[in-house]
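The values are calculated or read from the model by the stated rules, or taken from the named source; none is laboratory data. The structure presented is a predicted model; accordingly, all values stated were derived computationally and were not measured. Glycine gets a Cβ as well: all are built from the backbone with ideal geometry, and neighbour counts include every protein chain shown. We work out accessible area using only protein heavy atoms, side chains counted, and drop any ligands, DNA or RNA first. Shrake-Rupley method; radii C 1.70, N 1.55, O 1.52, S 1.80 Å.
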Amino acid sequence: ALPEIARVLRPGGTLSIVWNYRDETVPWVRRLGRIIGSDGPADDPVEVLEESGLFDGTERQTFRHWQQVGRESLIGLVASRSVVVTMGERERAEVLAAVGALYDDYGRGHDGMLLPYVTHCFRAHVSSARFAPRQSTDGLDDGLLIDFS
């Protein structure tokens, strides 16, 4: 997707990426991650952007925030995840029951819990070198050459 993104942005244009991840440094959140699958980044986006050669000056910023959840809202949040939605009915019921049990073990009843997130923000600019005119080394221009011989 990066070549297409770089193509449609104007020279020097900015690509911004925002990802929210549960903060699994918190024990109950780590347990939740084991139940439904961890959602941490597979690859470092900065490395991927820089290695592409299409973007310059990648910047990164991280923010923390919390979502208030009760038992039903935590189960609803998990039930809405694509990995859970695509499960068979029995497996989905087992996962949601495990989430309910997790809340019962860690939750604060009607006061709820705070689900911590870490938001990773990335910003990169389309490489201006990409749009510099190419110099021909063989005397031919960059046009179409049709040889009728």
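Among the trypsin sites (Lys or Arg not before Pro) found in segment 90-119, those both in a DSSP coil and sparsely packed, with 16 or fewer other Cβ atoms within 10 Å of their Cβ, are Arg108.
Given axes a ≥ b ≥ c from the Cα gyration tensor, I'd like to know whether segment 48-105 is rounded (a/c under 1.5), prolate (a/b larger than b/c) or oblate. Each step should come with its number before you reach the end.
Numbers: a/c = 4.53, a/b = 2.00, b/c = 2.27.
Oblate, since a/c reaches 1.5 and b/c is not below a/b.
One decimal place: the segment Ala93-Glu51 gains 10.9 nm when fully extended, by the rule 0.36 nm per residue minus the C-alpha distance. Expressed as a whole percent, the accessible surface of segment 1-93 that belongs to carbon and sulfur atoms is 53, based on a 1.4 Å probe. For segment 28-77, the gyration tensor built on C-alpha atoms gives a prolate shape. Its axis ratio a/c (a ≥ b ≥ c) is at least 1.5, and a/b is the larger of a/b and b/c. Note on Thr14 and Cys121: their simple-model spin labels are 0.9 nm apart, each label 7 Å out from Cα toward Cβ. In the assembled protein chains, His125 presents an accessible area of approximately 60 Å² (probe radius 1.4 Å).
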